[in-house]
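Here's the structure we're looking at; comments come further down.
The values are calculated or read from the model by the stated rules, or taken from the named source; none is laboratory data. Predicted, not measured: the structure shown is a model, and the values here were computed from it. Neighbour counts are summed over all protein chains in view; Cβ atoms, including those assigned to glycine, are modelled from backbone coordinates with ideal geometry. Heads up: the accessible areas ignore ligands, DNA and RNA and are worked out on the full protein's heavy atoms, side chains in. Shrake-Rupley method; radii C 1.70, N 1.55, O 1.52, S 1.80 Å.
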Number of protein chains: 2
Amino acid sequence: MLAERQKQILKAIIEEYVVHAEPVGSRTISKRDDIGYSAATVRNEMADLEDLGFVEQPHTSAGRIPSQMGYRYYVDNLMGPQRLERTDLLQVRELFASQMDAVELTIQQTGSILSRLTNYTSIILGPEAIHNKLKHLQVIPLNERSAVAIVVSDNGHVDQRRFTVPDGVSLSSIEKLVNILNVKLSGVPLVRLKRNVYQELFAELDRHVEQYEFLLGVIDQMLLADTDDRIFTSGTTNILTQPEFTDVTQVKALMDLFEQTDTVTKLFATNNAGVQVRIGEENSIATVNNCSIVTASFSIDGRSLGTVGVLGPTRMDYNKVVSLMQVLTTDLSEHLRQLYK
Amino acid sequence: MLAERQKQILKAIIEEYVVHAEPVGSRTISKRDDIGYSAATVRNEMADLEDLGFVEQPHTSAGRIPSQMGYRYYVDNLMGPQRLERTDLLQVRELFASQMDAVELTIQQTGSILSRLTNYTSIILGPEAIHNKLKHLQVIPLNERSAVAIVVSDNGHVDQRRFTVPDGVSLSSIEKLVNILNVKLSGVPLVRLKRNVYQELFAELDRHVEQYEFLLGVIDQMLLADTDDRIFTSGTTNILTQPEFTDVTQVKALMDLFEQTDTVTKLFATNNAGVQVRIGEENSIATVNNCSIVTASFSIDGRSLGTVGVLGPTRMDYNKVVSLMQVLTTDLSEHLRQLYK
DNA sequence: TGTTAGCACTCAAAGATCATGAGTGCTAAT
DNA sequence: ATTAGCACTCATGATCTTTGAGTGCTAACA
């Protein structure tokens with residue numbers, strides 16, 4: 001347990017370092033309005049804090065910088081429920097006040113505002129198609145040999161895929177198939193589609209329709225490809241303005257990371273309710289060991305829909321990011337609830 | 001007009017510099033197999049080439065680097081019709097041999113292979129929706145208040161947009177409207193849609209359907225938003241491996257550039273047939289004044305469909321890029337022709 | 001006359017040396 | 001318990017030196 005004065009000083013160190021990105025010395029701390037002690041006293045406390053592992057010294061004659069443990073303590077115990085700047089809050093409210101119909105658009109703009117207000121990179125994992133149910137299926141022929149299959153799910157998400165009609169399959173038989181599927185499968189979760197067909201409709205389809213497998217194959221591929229569309233990034237270049245990323249090779253590693261969908265999913269996925277902070281090496285992937293990731297999931301009626309995330313340097317304005325995320329996920333959940341209604 | 005030996009030496013300088021990215025000295029040139037002159041002779045010629053403006057000297061005791069004018073001369077006169085590496089050609093052929101139905105997918109993969117083979121960044125401006133014609137229009141209601149509008153064009157491109165049904169508009173009237181539009185407007189170029197409605201269908205719609213304007217508005221917005229979807233970038237981080245981009249601020253400027261759709265369009269758009277090379281300051285935008293851009297448009301029956309582009313440092317392997325682009329656009333055009341058939 | 005060997009000269013880049021000052025740890029006074 | 005004072009440390013930036021790749025010029029050569 002830290003003494004009150006130690007807490008004060010640790011808090012001050014972190015807040016200074018977050019702003020200036022340079023080791024902070026005892027004099028700097030001593031001069032702050034919220035600290036009433038001399039530099040010497042602060043120095044003593046700082047030495048203690050270092051022994052305890054909350055701060056580090058890059059070299060003997062430099063100031064202190066927070067350690068990962070220090071940040072962790074700050075996030076868990078010291079961080080006050082700071083108010084958001086009024087202008088920031090206003091922007092968020094304005095965003096959701098403007099009528100946005102498309103789920104995709106809402107999510108994209110949420111990401112955009114998040115990265116703009118924090119100056120970090122934001123990533124949003126959209127709703128998983130897994131939960132969606134079939135609303136409508138449609139096949140539109142383009143010419144004798146090719147057609148477009150369109151799957152609309154109950155949340156308004158639209159998937160499409162062009163395909164070539166194999167020889168020996170007539171357009172009319174496709175039409176018949178689509179009709180049957182629409183009637184029988186409306187409301188069925190997309191992931192169950194194929195199974196349902198084989199379990200319940202096998203006999204009927206076999207009797208009426210020739211070669212229905214290939215169309216099911218097309219639909220199946222659509223749903224598979226869909227997971228890629230779940231990731232929305234914004235403000236990718238923001239990290240480039242952070243002083244800790246002057247090294248181009250590191251930047252490249254990070255940029256490449258963003259393009260690997262599976263890694264991104266692994267990094268940002270969370271099923272916890274509430275805001276979660278992962279600091280430095282608490283992240284499993286080495287590339288982001290000098291980064292912190294703040295995530296929060298948004299949901300409707302307890303059902304998680306996706307995750308909002310911010311990636312920045314370990315020296316992050318946790319206070320601001322966390323409060324912003326709280327507001328944002330609450331508002332986003334509410335907004336989506338209205339849309340899905 | 002350059003003397004034969006001068007051409008030889010200029011060519012050698014450029015080819016060395018493209019590989020090693022460092023000023024090349026007379027001895028290096030002299031030791032090449034295709035040069036049979038001593039370093040001293042080469043030095044004399046280099047001095048002449050410098051006077052003529054084809055090469056530059058960073059400082060007195062350094063080797064020479066090609067000037068923009070030098071590159072230009074190389075591209076226009078010196079560059080031989082080099083064969084593509086067999087493995088590269090193989091990859092291209094393989095790409096198009098695999099059955100790809102979706103136009104979007106084809107284009108994306110073309111970009112991906114282009115950036116992989118060149119190690120530069122590739123950008124593709126997809127077919128402009130402008131030319132597309134309406135194939136099918138569909139509105140699928142999700143619940144009492146919202147619905148999805150889907151526009152399928154004759155090339156298989158699908159646009160979608162979710163919208164809220166205003167009060168006082170019934171679903172049945174929307175259905176009626178969609179039916180009329182489908183019958184009357186099939187085959188009409190998308191850009192003409194709205195005009196056609198007002199010119200030809202005004203009377204009929206006015207008689208049968210209440211409040212059709214809002215749906216037309218929805219469709220209009222879809223088509224507007226569509227221009228954004230035309231741009232496919234790939235290998236954005238490739239430029240980070242180039243030694244000329246160690247400066248993070250420059251990298252950021254470039255990255256930000258990629259996100260401005262209008263600038264990208266301006267930079268890469270070309271209606272010329274064939275491969276076009278823009279070197280350094282020949283590009284209108286300052287951010288890319290130390291870059292070169294190679295573009296080529298792909299087309300069907302002379303109608304231009306879009307542009308393939310590569311962005312790299314001025315020190316670019318023009319020979320390789322140009323030959324690759326030639327093959328790629330030819331094959332892509334052919335492939336699309338089969339798809340559109 | 002065109003080509004090449006030789007040599008003095010130039011200058012960026014990398015290493016070595018030095019001064020500066022921010023910041024510490026310790027001790028002694030308050 | 002707190003703080004003023006002081007000697008000590010060490011990264012940073014400035015200045016100087018060395019090194020070597022490369023040039024330009026001149027004179028010799030084919």
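Scanning the range A:44-53 for residues that are surrounded by 11 or more Cβ atoms within 10 Å (Cβ to Cβ) and over 13 Å from A:Arg5 (Cβ atoms) yields A:Ala47, A:Glu50, A:Leu52, A:Gly53. Assessment of the range B:34-43 against the conditions (part of a loop (DSSP other than H, G, I, E, B), more than 10 Å from DNA strand C (Cβ to nearest atom) and of a type in the set (Asp, Glu)) yields at least one matching residue.
Residues in the range B:94-107 that are in a helix (DSSP H, G or I) and either surrounded by 12 or more Cβ atoms within 10 Å (Cβ to Cβ) or not assigned by TED's automatic domain parsing to the domain that holds B:Thr330 (or both): 7 in all. Comparison of B:Ser30, B:Ser61 shows that the only residue that is over 28 Å from B:Tyr120 (Cβ atoms), within 13 Å of DNA strand C (Cβ to nearest atom) and not in a helix (DSSP H, G or I) is B:Ser61. Could you go through the range A:319-328 and let me know if any residue there is open to solvent by less than 40 Å² (accessible area, probe 1.4 Å) and farther than 25 Å from A:Pro81 by Cβ. No; the residues of the range A:319-328 include none that is open to solvent by less than 40 Å² (accessible area, probe 1.4 Å) and farther than 25 Å from A:Pro81 by Cβ.
In the range A:17-27, the residue that is farthest from DNA strand C (Cβ to nearest atom) out of those that are surrounded by fewer than 15 Cβ atoms within 10 Å (Cβ to Cβ) and in a helix (DSSP H, G or I) is A:Val19.
Just checking: which of the helices (runs of 4 or more DSSP H) contained wholly in the range A:136-246 hold 3 or more residues that are among the acidic types (Asp, Glu), within 12 Å of chain B (Cβ to nearest Cβ) and closer than 24 Å to A:Glu104 by Cα? So that I can check it myself, show each step before the final result.
On the way: elements: A:171-185, A:193-196, A:202-208, A:213-225.
Result: empty, no element qualifies.
Answer yes or no: is there a residue in the range A:44-57 that is away from chain B (no Cβ under 14 Å), within 16 Å of DNA strand D (Cβ to nearest atom) and not in a helix (DSSP H, G or I). So far as the range A:44-57 goes, yes, one or more of its residues are away from chain B (no Cβ under 14 Å), within 16 Å of DNA strand D (Cβ to nearest atom) and not in a helix (DSSP H, G or I). Scanning the range B:59-78 for residues that are within 10 Å of DNA strand D (Cβ to nearest atom) and open to solvent by 70 Å² or more (accessible area, probe 1.4 Å) yields a count of 3. Only one entry in B:Ser333, B:Ser292, B:Ser304, B:Ser297 is open to solvent by less than 50 Å² (accessible area, probe 1.4 Å) and closer than 20 Å to B:Ile239 by Cα, namely B:Ser292.
Condition test on B:Thr110, is it within 14 Å of another protein chain (Cβ to nearest Cβ), within 27 Å of B:Glu244 (Cα to Cα) and buried (at least 20 other Cβ atoms within 10 Å of the Cβ)? So B:Thr110 fails the test. Among the criteria (1) touching a Lys or Arg at 6+ places or on another chain (Cβ under 9 Å); (2) more than 14 Å from chain B (Cβ to nearest Cβ); (3) modelled with pLDDT under 80, the one A:Val277 does not fulfil is (3).
Right, A:Pro81: more than 13 Å from DNA strand C (Cβ to nearest atom), open to solvent by 40 Å² or more (accessible area, probe 1.4 Å) and not in a helix (DSSP H, G or I) or not?
Criteria met by A:Pro81.
Screening the candidates A:Thr295, A:Thr270, A:Thr287, A:Thr263 for the property of being in contact (Cβ under 8 Å) with a residue 12 or more places away in the chain and over 25 Å from A:Phe245 (Cα atoms) yields one hit, A:Thr270. In the range B:290-319, the qualifying residues are those that are in a strand (DSSP E or B) and among the polar types (S, T, N, Q), and the one that is farthest from B:Leu117 (Cα to Cα) is B:Ser304.
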